[in-house]
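Trainee: My questions will all concern the structure given below.
The values are calculated or read from the model by the stated rules, or taken from the named source; none is laboratory data. Since the model is a prediction, treat every value here as computed from it, not as a measurement. No Cβ is skipped: glycine too gets one built from the backbone with ideal geometry, and neighbour counts run over all protein chains shown.
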Amino acid sequence: MKFATLSHLLNENNIKQIPPSWIKNDYIISPELDIDGAKGYVIALNLLPKQVIEFPREYIRNKIIETALIAQNKYGVEIIQLGALTTSVTNGAKWLADQKEYTGFVTHGDSYTASVTIHAVLKALEKFNKNSEELILAIIGAYGIIGEAISKILVPHFKFSKLIGRRKEKLDELTTKIKGNYETTTELYIKDSDVIVTATSHPTALLKEKHLKKNAIVVDVSQPPNLTQDILALRKDVIRIDGGLVDFPRAYPMPIPGIPKGKNFACIAEVIMQAMENEEKNHVGSIDLNHMKKTEKWGEKYDYILKELTNFGKKI
Ligand SMILES: NC(=O)c1ccc[n+]([C@@H]2O[C@H](COP(=O)([O-])OP(=O)(O)OC[C@H]3O[C@@H](n4cnc5c(N)ncnc54)[C@H](OP(=O)(O)O)[C@@H]3O)[C@@H](O)[C@H]2O)c1
């Protein structure tokens, strides 16, 4: 199956890092990639995160379907992964899967991302000799696609958890799915939290110096990141860890600005693995934990796994 990852620019500098020949009018497309025999493309809307979130939803969705149809009709793409905030504006990628003109498969790639992020948290606890039963965990964006799966798995391990989101009714719904000792809240109060996972669709950095407890560990899966290098420069005690980044061992230079050499976003790894496996299915909306386990097996098979903890791509 030919794959495409369809996303958007993550910051203003990205466009300068992309070869001009890849830039079409409204979108950007790489040459055809060949990754262990899986053929496909990196495609991006020529839009910034704030535009994706703040422009009228119908306008953004039109851009997504127009680009998906170009991928299908001109480039023969059969499976599309909706990356970064394109999942958030398409109801967990379900909207694209429902469009009749697009006949291929759709995945958000969030299943493997959630799994890799959970492993990053557990690896960090081990590395820094921490016992989860003594710690407070905060998950920001807890009823989102990634946040919900992470909450289901991680909350039972911790002494106490704070599940944070913006809408009370969605938080109430979440309580029917999560076991363990926790509260849900719309307040971004995490000053008491030892471990913080960010999985939000906030289009800019969300966390400030004042939010963070001394020596907090932040596993930041959000793209664009929710914790920036500027804040880390002010808070040298805080440990930031990339969530959702896997080793991509044969050093494929993924033609995406910001992806460190030899690494890849787990969501892109997921669609590549699904294409290699020829699995003709949609993976949209809430994460099926059985599918998540399957992506872990794929990860081991293709050796696209989390081998080392990194912060903005640099080994910790
Ligand atoms: N590293 C990787 O490989 C990788 C892969 C996939 C995705 N991601 C990133 O992971 C993040 C989550 O993705 P997703 O697919 O799970 O998105 P999602 O389903 O849209 O979930 C995002 C959640 O964040 C919440 N949110 C937004 N702003 C917030 C704020 N200021 N405070 C608290 N909650 C807030 C949203 O709440 P509302 O619904 O109420 O707005 C939503 O529930 C995104 O940044 C995405 O780019 C990274």
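Trainee: So how many residues does the range 155-174 have that are without any contact (Cβ under 8 Å) to a residue 24 or more places away in the chain and either loosely packed, with under 12 Cβ neighbours inside 10 Å or not assigned by TED's automatic domain parsing to the domain that holds Ser132 (or both)?
Mentor: Going through the range 155-174, the residues without any contact (Cβ under 8 Å) to a residue 24 or more places away in the chain turn out to be 166, 168-169, 172.
From what's left, either loosely packed, with under 12 Cβ neighbours inside 10 Å or not assigned by TED's automatic domain parsing to the domain that holds Ser132 (or both): 168-169, 172.
Result for the range 155-174: 3.
Trainee: Still on this structure, please answer the following. Out of (1) at negative phi; (2) crowded, with 16+ Cβ neighbours inside 10 Å, what's the single condition that is false for Leu234?
Mentor: (2)
Trainee: May I pose another question? In the range 259-273, how many residues are near the ligand (Cβ under 10 Å from one of its atoms) and not in a strand (DSSP E or B)?
Mentor: Total meeting the criteria: 6.
Trainee: Separate question: Looking at (1) without any contact (Cβ under 8 Å) to a residue 12 or more places away in the chain; (2) not assigned by TED's automatic domain parsing to the domain that holds Leu82, can you tell me which one Pro253 breaks?
Mentor: Among (1) without any contact (Cβ under 8 Å) to a residue 12 or more places away in the chain; (2) not assigned by TED's automatic domain parsing to the domain that holds Leu82, the lone unmet condition for Pro253 is (2).
Trainee: Among the residues of the range 199-258, which ones are in a loop (DSSP other than H, G, I, E, B), more than 17 Å from Thr310 (Cβ to Cβ), of a type in the set (Gly, Ala, Ser) and more than 14 Å from the ligand (Cβ to nearest atom)?
Mentor: If the condition is that a residue be in a loop (DSSP other than H, G, I, E, B), more than 17 Å from Thr310 (Cβ to Cβ), of a type in the set (Gly, Ala, Ser) and more than 14 Å from the ligand (Cβ to nearest atom), then Ala216 is the only one that fits.
Trainee: Okay, moving on. Would you confirm whether or not the range 45-57 contains a residue that is at pLDDT 95 or above, of a type in the set (Phe, Trp, Tyr), in the same structural domain as Ile29 (by TED's automatic domain parsing) and under 20 Å from Asn14 (Cβ atoms)?
Mentor: The answer is yes, given that some residue of the range 45-57 is at pLDDT 95 or above, of a type in the set (Phe, Trp, Tyr), in the same structural domain as Ile29 (by TED's automatic domain parsing) and under 20 Å from Asn14 (Cβ atoms).
Trainee: Additional query: If Asp220 satisfies all but one of (1) surrounded by 15 or more Cβ atoms within 10 Å (Cβ to Cβ); (2) farther than 15 Å from Gln81 by Cβ; (3) outside the structural domain of Ala120 (by TED's automatic domain parsing), what's the number of the condition it fails?
Mentor: Only one criterion in (1) surrounded by 15 or more Cβ atoms within 10 Å (Cβ to Cβ); (2) farther than 15 Å from Gln81 by Cβ; (3) outside the structural domain of Ala120 (by TED's automatic domain parsing) is unmet by Asp220, namely (3).
Trainee: A further question on this structure: Enumerate the strands (runs of 3 or more DSSP E) found wholly within the range 50-169, keeping only those where 1 or more residues are away from the ligand (no atom under 11 Å from the Cβ) and more than 25 Å from Asp194 (Cα to Cα). Show your work before the answer.
Mentor: On the way: elements: 79-82, 105-107, 136-140, 160-164.
Those strands (runs of 3 or more DSSP E) span 79-82, 105-107.
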